[in-house]
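A.B. asks: So that we are looking at the same thing, I have put the structure below in structure tokens.
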Amino acid sequence: MSVGKAMSVPEEMSALRVHAFGELPRLDRVPVPEPGPEDVLVRIAAGVISHHDLTVAGGDFPLRPELPYVPGLEGAGYVVAAGGGVDLERIAVAMPVRIFGGGLGSARSGTWAEYVAVSARAASPVPEGLDLALAAACGSVAATAWAAVLDVGALQPGERVGVTGATGAVGSLAAQLAVLKGAGSVVAWTRSPERAGDFPAEVEIAAPDQALEPVDLLVDTVGGSGLPERLRSVRPGGRAVLVGYTAGTEVHLSIPHLLAGDVSVLPLNMMRRRLPKGLEAELVSDVAAGKLRLAVEVVAREHADAAVARLTSGAVSGRLVLAW
Ligand SMILES: NC(=O)c1ccc[n+]([C@@H]2O[C@H](COP(=O)([O-])OP(=O)(O)OC[C@H]3O[C@@H](n4cnc5c(N)ncnc54)[C@H](OP(=O)(O)O)[C@@H]3O)[C@@H](O)[C@H]2O)c1
């Protein structure tokens, strides 16, 4: 039972659905979902295509959705209806919202669709003036970058920080946050120096295998077989936060080298991490105010296949967002 519809909602909608794990999604016509008592129904403007979505669509996520399903963990749009149990003081009909989590794209239908029903707790107001594609794109990656640099990484003032995959969404925000939060110096290791034009002047751009003065804290977003070599770029007693694996999931570590290097290797798991209340909203406000920058590439839903292929091959600069 829903209340307060701001605009007429059609019976049917377009949605990209995965019909078999490991296959590309198909554009289907499906019924518009009905929000539950604690849910809002959101008309999606922008649905993020993330590495997490591709992991779920590949069948590699511990929670395998029932097929066919609509992917998309994150997005933004307008609330068009709200269930009877929703606190309308916080999330009102017609409000622009970001949506993230709440089982979207795995336990329940996600944001690669024109409409999504989502728990109101997974919706947050979009700061005034913030473009919906950027609003959809920035929340979780900014929170991940913050957790990597400041929470798990425990950055101390004046420390030297290194970031790999530095022009990626998490990498670029990690480098910017390190500067903003008092790092003494920041090195951005990237395969794509041509995409690094937006970094603050304090950030030193380097090729992935370029040896430099050791860092105190490494934020590694790429993983893969090059990780042991990269750990040597951290000073003895330093920390390496492992965030991602765009360069590969497997790594061979020599225990004697690990002990000799004396680097704390710290995995980051955002599914388990509890962030300070209001932190993500604060980071989104920093994006809206231009204090943090994130490259966003908007693609038409008809071009989702090509976009997925480009994200898989590492050819995307920043966050990919499907326009609905
Ligand atoms: N641990 C967590 O809880 C958590 C949370 C969020 C994301 N993640 C993970 O973090 C990683 C980064 O996410 P993202 O959203 O920042 O991705 P992204 O925007 O696609 O950035 C990844 C970057 O990695 C580099 N890269 C891509 N393919 C590569 C390859 N084959 N070899 C070496 N470098 C490669 C590229 O940077 P350059 O061109 O600059 O080198 C690329 O821009 C992903 O694996 C994602 O799943 C983990």
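A.B. asks: Counting DSSP beta bridges with both partners in the chain, what percentage is antiparallel, nearest 5?
C.D. replies: 55
A.B. asks: For the chain, build the charge dipole from Cβ charges (+1 Lys, Arg; -1 Asp, Glu) around the Cα centre, then report which of 271, 254, 14 sits farthest towards its positive end.
C.D. replies: With unit charges placed on the Cβ atoms, the residue in question is 254.
A.B. asks: To continue, here is another question. By its C-alpha gyration tensor, with a ≥ b ≥ c as the square roots of the eigenvalues, how is the stretch 214-313 shaped: rounded for a/c under 1.5, else prolate for a/b larger than b/c, else oblate?
C.D. replies: In terms of gyration-tensor shape, oblate.
A.B. asks: Something else: So, by mean Cβ neighbours within 10 angstrom, what's the order for 150-156, 23-29, 268-274, 109-115 with the highest one leading?
C.D. replies: Values: 150-156: 17.9, 23-29: 14.0, 268-274: 11.3, 109-115: 27.3.
Order by mean packing, descending: 109-115, 150-156, 23-29, 268-274.
A.B. asks: So, one more: Modelled label-to-label distance, residue 211 and residue 306, 7 Å Cα→beta-carbon offset: nm?
C.D. replies: 4.3
A.B. asks: Would you mind calculating the gained length between residue 87 and residue 29 on full extension (0.36 nm times residue separation, minus the Cα-Cα distance), in nm to one decimal?
C.D. replies: Values: separation 58, 0.36 × 58 = 20.88 nm, distance 3.12 nm.
Here the segment from residue 87 to residue 29 would lengthen by 17.8 nm.
A.B. asks: Assign one of three labels to the stretch 1-152, namely rounded, prolate or oblate, based on the Cα gyration tensor with a ≥ b ≥ c the square roots of its eigenvalues; rounded applies when a/c is under 1.5, prolate when it is not and a/b is larger than b/c, and oblate otherwise.
C.D. replies: oblate
A.B. asks: Normalized C-alpha radius of gyration of the chain, against 2.2 N^0.38 Å?
C.D. replies: The chain yields a ratio of 1.02.
A.B. asks: Moving on. Quick one: Cα centre-to-centre distance for the stretch 71-117 and the stretch 202-266, in angstrom?
C.D. replies: 38
A.B. asks: Hey, another quick one. What FRET efficiency comes out for the pair residue 51/residue 291, r = Cβ-Cβ distance, R0 = 30 Å, nearest 0.05? Spell out each step's value before the answer.
C.D. replies: Details: r = 25 Å, r/R0 = 0.84.
After rounding, the FRET efficiency stands at 0.75.
A.B. asks: Using the Cα centre as the reference, give the magnitude of the dipole from point charges on the C-beta atoms of the chain (Lys, Arg: +1; Asp, Glu: -1; all else neutral), rounded to the nearest 20 debye.
C.D. replies: Here the size comes out at about 280 debye.
A.B. asks: Okay, next question. Multiplying the sequence separation of residue 229 and residue 323 by 0.36 nm and subtracting their Cα-Cα distance, what value in nm do you get?
C.D. replies: Result for the pair: 29.9 nm of gain on full extension.
A.B. asks: Counting Lys and Arg as +1 and Asp and Glu as -1, each charge on the Cβ, what is the dipole of the stretch 139-267 about the Cα centre in debye, to the nearest 20? Intermediate results must be reported in sequence, preceding the final value.
C.D. replies: On the way: 8 positive and 13 negative charges, 20 e Å.
Dipole about the Cα centre, nearest 20: 100 debye.
A.B. asks: Assuming 0.36 nm per residue, please report the length gained on full extension of the stretch residue 38 to residue 14 beyond their Cα-Cα distance.
C.D. replies: 6.2 nm is the gain from fully extending residue 38 to residue 14.
Values in this text are rule-based calculations from the coordinates and carry no lab data. The structure displayed is predicted, hence computed values, not measured ones. Cβ coordinates were reconstructed from backbone atoms using ideal geometry, including for glycine residues, and neighbour counts include every protein chain displayed.
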